[in-house]
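Have a look at this one.
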Amino acid sequence: MLRLAAIALVLGGMTTGAWAQVGELVDRTKLRVCADPHNLPFSNQDGQGFENKIAELMAEKLKVPLTYTWYPQSVGFVRNTLNAGACDLVIGVPTPSGLMQNTNPYYRSSYALVQRADAKTKVGSLHDPALADKKIGAVARTPPVTLLAQQGLIRNLKPYQLVVDTRYDSPGRQMVDDVAAGVIDVAIVWGPIAGYWAKQQPTPLEVKPLTGEVKGQQLDFRISMGLRRNEPDWKHALNEFLAANDQAIQAILLDYGVPLLDARGQPIAAAKPKQQGRLETIPEPAGYRLADYRAPVPASLAGARVVTTAEVQKLLGTAAAPLMIDVLPAPREPGNRPAGSIWRPAPRQNIPGSLWLPNVGYGELSAEFETWFRDNLARVTEGDRSRPLLFYCKADCWMSWNAAKRALAYGYRQVLWYPGGTDRWQAAGLPLAAAEPVPMPDFLPRPARTATAGDGSN
């Protein structure tokens, strides 16, 4: 979470002459942005993040094409993108940054409390006595965890990972999902993540920014744009853009639910309440989804029946109940685990009576792995391709969409897709059961994964 090309055109209050002075490494023919391809609400390859929208605004003002260099925001991000000269700007970075030069800050936000709107007891701050008997979610090694430790509340903590593979995992989103489902009572999440994902939830949630209440531990941060060092003309040009377009940028941030703070550290309210930050209707791709598997999904799957939680519940009580197939990826054993250490995969709970076929929802499967999937479907259906099959994962999980589409390609005639998955099932107060994945033979290659930083398998 924590990015443009120089041309001789007017940008905000900047004149053509001023722009022409940019003579550093900045490309003058296009707007080149460094970004993470799978990091909503900030950015993704489909242009659905608020940093994407800010970049689009800049390209429009510059009247140049917008291009991206995609790289996960993990170790090596700045080195392999901005400092390698592959792109000229990072849209959002903390101020100050030790790795790059900062523009003037263009927004300020804070960590926030997320809790259900119907909670009987609301938490008002990190000093609220009500926290003593609450199950609290927070990302490990972040400022809120330090404060929880100081207050003796670590025993109440459900920790979430700090460094993850953003193609599959989103700890902030998972925390918000867990609040909605009642797995935890309150989450302490970086504000832009909290506000955005709370708006995507059908369960009403409240987001309260943590402002002016904690001494000795910073919970609010100013965010600026990042550029290479020793590019003063480029920095000046960017600052002029930010000053000339501050209201338009603020509107984008508020529309995505970002809890903004003013210069005094007080919340900036949106002009009026409305359904904001919702993604546009997602079209069905022609083939399989190949990346960013935890992202908003289409409302349909050609050839399949899309079912709701209530419909699944009703179907399971009939003679024509479908075979339930969970396709969540199996937990991944760390490759750098110290010798002699013990690895315990995170437990999975799914809809009772389900078969857990892990990893079959990736966009690309090896021939051997696809044969394994086909064989398992043939086994559980006893070779009857008219048997109803229902595929699910978690909410907004493209892996269940891919798996269901793949079953249709195999000739199964009654394929159902439950996009709500275990998240919506649990949020409806329905039971889950401990699950074990169908073992994958050792000779079968697992789908390739690239370790990166910032939802699917946990």
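The values are calculated or read from the model by the stated rules, or taken from the named source; none is laboratory data. Everything numeric here is computed off the predicted structure, so don't read it as measured data. Using ideal geometry, Cβ is built from the backbone for each residue, glycine included, and neighbour counts are taken over all protein chains shown. Please note that ligands, DNA and RNA were not included when accessible areas were found on the heavy atoms of the full protein model with its side chains. Shrake-Rupley method; radii C 1.70, N 1.55, O 1.52, S 1.80 Å.
Leaving out ligands and nucleic acids, note down the accessible area per residue over the stretch 34-131 with a 1.4 angstrom probe, in whole Å².
Numbers: 3670 Å² over 98 residues.
I get 37 Å² per residue for the stretch 34-131.
Follow-up question, since we're still on this one. Once you put a point 7 Å from the Cα of Ile268 and another 7 Å from the Cα of Val75, both along the Cβ direction, what distance in nm separates them?
So the label points at Ile268 and Val75 sit 3.6 nm apart.
Just for the Cα atoms in the stretch 51-125, what are the lengths along the principal axes, largest first, rounded to whole Å?
For the stretch 51-125, the Cα extents along the three principal axes come out at 53, 30, 23 Å.
I would also like to ask the following. Could you tell me what a quarter of the Cα convex hull surface of the stretch 185-260 works out to, in nm² with one decimal place? Write down the numbers at each step before the final one.
Numbers: hull surface 29.5 nm².
Value for the stretch 185-260: 7.4 nm².
Just to check I understand the Karplus step: with θ = phi - 60° and J = 6.51 cos²θ - 1.76 cosθ + 1.60, what whole-Hz values come out for the stretch 175-190, glycine and proline as x?
With coefficients 6.51, -1.76 and 1.60, one gets 4, 5, 4, 5, 5, 4, 7, x, 5, 10, 8, 8, 10, 10, 10, 3 Hz.
Let me have the relative contact order for the stretch 39-196, percent, based on Cα pairs under 8 Å that are six or more residues apart. Write out the running numbers ahead of the final one.
Values: 176 pairs, mean separation 36.3, N = 158.
Relative CO of the stretch 39-196 lands at 23 percent.
At 0.36 nm per residue, minus the direct Cα-Cα distance, what do Ala302 and Ala433 gain on full extension? Give it in nm, one decimal, please. Write out the running numbers ahead of the final one.
Values: separation 131, 0.36 × 131 = 47.16 nm, distance 3.04 nm.
Fully extending the segment from Ala302 to Ala433 adds 44.1 nm.
Something else: Just the accessible area for Arg379, please: 1.4 Å probe, Å², rounded to the nearest 10?
Counting only protein heavy atoms, Arg379 exposes about 130 Å² to solvent.
Right, something else. Put a dot 7 Å past each Cα toward the Cβ at Ala378 and Glu284; how far apart are the dots in nm?
2.7 nm
State the extension gain, in nm to one decimal, for the chain segment bounded by Ala248 and Lys120, taking 0.36 nm per residue of separation less the distance between their alpha-carbons. Before the final figure, lay out each step's value.
Values: separation 128, 0.36 × 128 = 46.08 nm, distance 3.80 nm.
Stretched fully, the Ala248-Lys120 segment lengthens by 42.3 nm.
Would you mind getting me the FRET efficiency between Asp233 and Arg141? Use the beta-carbon distance for r and R0 = 25 Å, nearest 0.05. Working shown, then result.
Details: r = 38 Å, r/R0 = 1.50.
E between Asp233 and Arg141, to the nearest 0.05, is 0.10.
Leaving out ligands, DNA and RNA, and with a 1.4 Å probe, what % of the accessible surface on the stretch 134-228 is carbon or sulfur? Present the calculation step by step, with values, prior to reporting the outcome.
Details: 1710 of 3430 Å².
That fraction is 50 percent.
Sticking with this one: Considering the convex hull of the alpha carbon atoms of the stretch 90-161, report its projected area averaged over all viewing directions, in nm², one decimal. Working shown, then result.
Working: hull surface 27.0 nm².
Mean shadow area of the hull around the Cα atoms is 6.7 nm².
Averaged per residue, what accessible area in Å² does the stretch 137-270 show with a 1.4 Å probe, protein chains only?
On the way: 5330 Å² over 134 residues.
Spelled out: the 1.4 Å probe surface of the stretch 137-270, per residue, equals 40 Å².
Quick one: with all protein chains in place, what share of the accessible area of the stretch 67-111 is carbon or sulfur, to the nearest percent (1.4 Å probe)?
Working: 960 of 1750 Å².
Carbon with sulfur: 55 percent of the solvent-accessible area.
Using the eigenvalues of the Cα gyration tensor, what equivalent ellipsoid semi-axes result for the stretch 113-238 when each is taken as the square root of five times the eigenvalue, whole Å, largest first?
Working through the eigenvalues yields semi-axes of 29, 18, 14 Å.
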